[in-house]
Protein chains: 2
Amino acid sequence: MKGAECERWFGNRPAVCCRAHYDGAVTEPKTPDADATKAPAKKHARDGRPNATIYDIAKVAGVNPSTVSRALSKPGRVSAKTQKLIEDAAAELNYQVNPFARALPTGRTSTFGLIVADITNPTFFDIIRGAETTATARDYTLVLAESAESAATELTAARRMMATVDGLILASPRMDDDNIRALARDKPVVVINREVDGVPCVVPDVNKGISEAVRSLAANGHHKVAFVAGPPQSWMSARRWEGVQAACEWSRLDAVRLESSKPTVDGGRQVARDVRASGATAVLTYNDLLAIGLMQELQAAGVVVPDQISIVGFDDIFGADFTTPPLTTVRSPLGECGSGAAALLLDLLHSDPQRGAGEPPATLRVETELVLRGSSGRLLPPG
Amino acid sequence: MKGAECERWFGNRPAVCCRAHYDGAVTEPKTPDADATKAPAKKHARDGRPNATIYDIAKVAGVNPSTVSRALSKPGRVSAKTQKLIEDAAAELNYQVNPFARALPTGRTSTFGLIVADITNPTFFDIIRGAETTATARDYTLVLAESAESAATELTAARRMMATVDGLILASPRMDDDNIRALARDKPVVVINREVDGVPCVVPDVNKGISEAVRSLAANGHHKVAFVAGPPQSWMSARRWEGVQAACEWSRLDAVRLESSKPTVDGGRQVARDVRASGATAVLTYNDLLAIGLMQELQAAGVVVPDQISIVGFDDIFGADFTTPPLTTVRSPLGECGSGAAALLLDLLHSDPQRGAGEPPATLRVETELVLRGSSGRLLPPG
DNA sequence: CAATTTGTGGCAACCGGTTGACAAGGCGTC
DNA sequence: GACGCCTTGTCAACCGGTTGCCACAAATTG
């Protein structure tokens, strides 16, 4: 403190003048105009942010900065008169809170993390959009990360995110349950497309859609149905196979399970041989990509869809109706899953941490439905 | 300060004990173990973050917090010995910087914003992935926003983001040039899929891909080519039409321009009538969605593709090869655009602000190429 | 061996908003 | 009119990391 301590020493800010910090008692609260004339000069420099602070507002409104803080974040804590005064000043100065300054003492960041296995997998598009829309509507920011289908990358990304977000959404996570629970102990976590004990989840209930699909197949003269499974570690693949088995039993159809090498168009192509060998006349596949690949390969081999084989996918992804014939599929409302997960997270964050501490976490189930298109239909007699 | 001033008063943190702030001279630098035994008790409470601070590191390493800060962010500023001491302590405590605390004084947030017109438009998927990958590789975080195709929403989102990011990527922005330049004065901005004077841009150079496409059409016996334009305000649509005109002139083909109501599958369906009326035997459409819709409608009317009409799209979006026949298209390397934009932003942020202040901003051009599939080919004589 | 340069670490102010404690003022009540 | 309660605003500490300035020590030089 050799006299020049009022100089700016932050490299990124202009060394224009002393910061107009609130300095105790306001000497002349009645004449804020007096120094308002010279105030504008201090703003706008290299990075030119015209961001006013609560100190600026306090000066204009003639109150203490802490009063400004309360007026803007604690409704009811200050009088209506002061409230208005401060709000007007804030509007005039075009004030926006500095999220970093707020996050530092409170830990609240107003940010969600969303981790998806593969950004370019269309299954996640609607999930991302749903989450983004709901988050933005509530003034939360969405930050996105991709795990590239690797459990390790996913965990790293999740850990890194934990420091900067208020909550995390894991869409079809690849890491194991224990790691998810460990993350959930730290901050609110919501899982999409998988059920994890003790963690709130958003899962499509496959039964309605599957039973619609199987009933439709039975009505069209099919007797044997194949299910092409997804990755062995996929929770959802197991549920779908269970659903297919149950629905087939109910409709008195045979059900066989086939394995795929990978849940992609290519994997669908590869499984075509097994499908034909199985003798099934209708196929449900773990997802639409498999269905599309399977259909391409069958058609290339001269099999007519749906006259000889009916094909039903899952998810109703973008592009499912581009094929000829367009793909029949069991739609999961993925947009709802995304927005539902974000809404669940918001609930968790804004609910009293005491209340409901004991009760099990909420799991949100969304309905699935059959989207009947051209790839499934009446089985024509051979010849 | 009535004696209890060392109590925790932050609602979100445990009022367990006095914060272990660095308190001036280190009294016993040789015996850090002494109080290390009771230290663990203070961590892990309701929100259980085990995050160590530079103060904790300073204590363990027996140095001043500022030295820790320098060791971790200013390579070379401290001696190798101290550096190692601090790094070891940091590793032991599993230290992670608090991005908010860093952002507050420096203004550096290590965050990029990416605004896309429509998250569910597959054109943007690869852009998002490219940007995310490049940003993450350099320890930047990507935050995503959607403008829902509205210039006003886009501007609002951009303004809001400006406060929290180091730089902004606008993919196919809808707002006008002046607004973009205004944003760019504030912080680094990179634009994808559009050229804006004075702002660094990443644009696919359509000429190579288009001339390949037109040459291929000419070689297959076509004489008249139609171009189905996109939205009037789309910069890229204008470039593509120019490219088509130039390439057709070169190959001595007729070129006619048709308008679409909207750049979607539906818009493609609607333009089918005009296409047939135009007498063109080959069509290039502003994007793949239009091409797919157009093909669906033509096929429904009994037109055989490509025997009677060849169809060529733009972008090679996901699903372009799901159609029958699969779509021929001029591919833009969208992933490269995304990662290129992020790389440009990183350059801008890490380069000396002095250097290159005068020179025009870098514009990155990426090549396009023809992806020849089944929807284009030899024109069969009628009958 | 003294004088100067260079290197290294410490001190303290500061980013901007939040909040527990407290005090001053307004009000109703007995 | 005195008392206590409630409302409203002020004070100051604090989140965790950054950095200008300075001091002290080591290294270099004359």
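Summary table
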| item | result |
| --- | --- |
| Verdict on B:Asp126 being within 13 Å of chain A (Cβ to nearest Cβ), under 30 Å from B:Thr264 (Cβ atoms) and touching a Cys at 6+ places or on another chain (Cβ under 9 Å) | yes |
| Residues of region A:55-83 classified as within 10 Å of DNA strand D (Cβ to nearest atom) and either over 37 Å from the mean Cα position of the chain (by Cα) or surrounded by 13 or more Cβ atoms within 10 Å (Cβ to Cβ) (or both), total | 17 |
| Residue in region A:35-53 that is closer than 26 Å to B:Gly107 by Cα and modelled with pLDDT of 90 or more present | yes |
| Qualifying position, being assigned to a strand (DSSP E or B) and more than 14 Å from chain A (Cβ to nearest Cβ), among B:Val190, B:Val196 | B:Val190 |
| Tabulated pairs, region B:95-108, first charged (D, E, K, R), second in a helix (DSSP H, G or I) and more than 8 Å from DNA strand C (Cβ to nearest atom), C-beta under 9 angstrom, 6+ apart or interchain | B:Arg102/B:Ser73; B:Arg108/B:Arg102; B:Arg108/B:Leu349 |
| Residue tally, condition small (Gly, Ala, Ser), within 13 Å of DNA strand C (Cβ to nearest atom) and either modelled with pLDDT of 90 or more or assigned to a helix (DSSP H, G or I) (or both), over region A:69-96 | 5 |
| Strands (runs of 3 or more DSSP E) wholly inside region B:225-332 containing at least 3 residues that are without any contact (Cβ under 8 Å) to a residue 60 or more places away in the chain | B:254-258 |
| Subset of region B:199-209 (residues that are assigned to a helix (DSSP H, G or I) and in contact with a helix residue (DSSP H, G or I) (Cβ under 9 Å, 6 or more places away or on another chain)) | B:Val206, B:Asn207, B:Gly209 |
| Selection count where residues are among the polar types (S, T, N, Q), part of a helix (DSSP H, G or I) and at the interface with another protein chain (Cβ under 7 Å from one of its Cβ atoms), scope region A:97-123 | 1 |
| From B:Thr109, B:Thr31, residue being over 26 Å from A:Arg185 (Cβ atoms), at pLDDT 50 or above and more than 7 Å from DNA strand D (Cβ to nearest atom) | B:Thr109 |
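Every residue, every condition in (1) within 11 Å of another protein chain (Cβ to nearest Cβ); (2) more than 18 Å from A:Gly377 (Cα to Cα); (3) modelled with pLDDT of 95 or more; (4) in contact with a Pro (Cβ under 6 Å, 6 or more places away or on another chain), yes or no:
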residue: A:Asp321; (1), (2), (3), (4): yes, no, no, no
residue: A:Pro325; (1), (2), (3), (4): yes, no, no, no
residue: A:Thr329; (1), (2), (3), (4): no, no, yes, no
residue: A:Pro333; (1), (2), (3), (4): no, yes, no, no
residue: A:Cys337; (1), (2), (3), (4): no, yes, yes, no
residue: A:Ala342; (1), (2), (3), (4): no, yes, yes, no
residue: A:Asp352; (1), (2), (3), (4): no, yes, no, no
residue: A:Arg355; (1), (2), (3), (4): no, yes, no, no
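A quick yes/no check of all residues on (1) at the interface with another protein chain (Cβ under 9 Å from one of its Cβ atoms); (2) free of Cβ contacts under 8 Å to residues at least 40 places away in the same chain; (3) part of a loop (DSSP other than H, G, I, E, B):
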residue	(1), (2), (3)
B:Ala135	no, no, no
B:Leu144	yes, yes, no
B:Ala152	no, yes, no
B:Thr156	no, yes, no
B:Thr164	yes, no, yes
B:Asp178	no, yes, no
B:Arg185	yes, yes, no
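The values are calculated or read from the model by the stated rules, or taken from the named source; none is laboratory data. Everything numeric here is computed off the predicted structure, so don't read it as measured data. A quick note on method: Cβ atoms are made from the backbone with ideal geometry, for glycine too, and the neighbour counts reach across all protein chains shown.
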